[in-house]
Amino acid sequence: MKFTFVTLFSNLIEGYFRDSILKRAIDKKLLEINYLNPRDFSTNKHFKVDDTAVGGGAGMVMNPQPLYDALSELKKQDESVHVIFLTPVAKPFRQNDAKRLATKTHVAFVSGRYEGIDERVIEDFADEVFSIGDYILTGGELASLVMCDAISRNIEGVLGNSDSLSVESFETPLLEAPSFSKPKDYRQNSVPKEYLKGNHSKIRSLKLALSECKTKFFRPEQFIKYNCTSAMGFLVKKTK
């Protein structure tokens, strides 16, 4: 799968792919990472990419010409590219989005800077627009990396053990149960004894109970969703 980062600051992104799982995926040619700098397309003699906001307001806005020409060139090279803009004023990115986008062949992330991107470019080129949270970042590069990482993990072959995907948080309404490694005793603190007995049925029951506790405490809205889902499942079974 190919990812293209449309950004003024590719150096903020490049280092992330030099180590660990995503580097191995690139080496195995499961991932291809490219960069496109709108500044290279600027017709301004000083290669400016921003201007004052029409209608007033603080800060500068990325003006349309460099981005428009950069994305036009990208589309010319690959008509199938799925263009995503990162902005806080968009729908939240979720695990289901990561799984769905992992089926694409080419995804491009457009990272905004300054006070944002001229809306006309978004209207003309965006296939989707996402936010990674209700907070403001200096630019869209970090958000692009978050999405790229989440999507990449769902591409076949990227993870060493694809079975691990099925037990992660957000695959169901529940958060993932706590994990423990060896040694079983550390600083007078032991892992739950049930984990050590080898009874997989009881281990699953304990993990479910711990997941429920964790979800209820940290994500009560997810716990409500889980209860509703469980109730619906019970009703369906009862009517059969």
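The values are calculated or read from the model by the stated rules, or taken from the named source; none is laboratory data. Treat the numbers as computed from the prediction; the structure is a model and nothing was measured. Positions of Cβ are generated from backbone atoms using ideal geometry, with glycine treated the same way; all protein chains shown enter the neighbour counts.
Is it true that some residue in the range 177-184 is out of contact with any Phe, Trp or Tyr (no Cβ under 7 Å at 6 or more places or on another chain), within 26 Å of K28 (Cβ to Cβ) and part of a loop (DSSP other than H, G, I, E, B)?
Of the range 177-184, the ones out of contact with any Phe, Trp or Tyr (no Cβ under 7 Å at 6 or more places or on another chain) are 177-179, 181-184.
Within this subset, residues satisfying the condition of being within 26 Å of K28 (Cβ to Cβ) are none.
For the range 177-184, residues out of contact with any Phe, Trp or Tyr (no Cβ under 7 Å at 6 or more places or on another chain), within 26 Å of K28 (Cβ to Cβ) and part of a loop (DSSP other than H, G, I, E, B): absent.
Would you be able to say whether some residue in the range 3-21 is more than 21 Å from the chain's Cα centre (by Cα) and at pLDDT 85 or above?
Taking the range 3-21 first, the residues more than 21 Å from the chain's Cα centre (by Cα) are none.
Within the range 3-21 (the criterion being more than 21 Å from the chain's Cα centre (by Cα) and at pLDDT 85 or above), the answer is no, since none of the residues qualifies.
Only one of these is among the small types (G, A, S), on the phi > 0 side of the Ramachandran plot and without any contact (Cβ under 8 Å) to a residue 40 or more places away in the chain: G15, G55, G116. Name it.
Working: G15 fails: on the phi > 0 side of the Ramachandran plot; G116 fails: without any contact (Cβ under 8 Å) to a residue 40 or more places away in the chain.
Residue meeting the stated conditions: G55.
With respect to R113, is the statement that it is within 29 Å of R153 (Cβ to Cβ) and under 15 Å from the mean Cα position of the chain (by Cα) true? Please lay out each step first, then the result.
Numbers: within 29 Å of R153 (Cβ to Cβ): yes; under 15 Å from the mean Cα position of the chain (by Cα): no.
Here the answer is no, as R113 does not meet what is asked.
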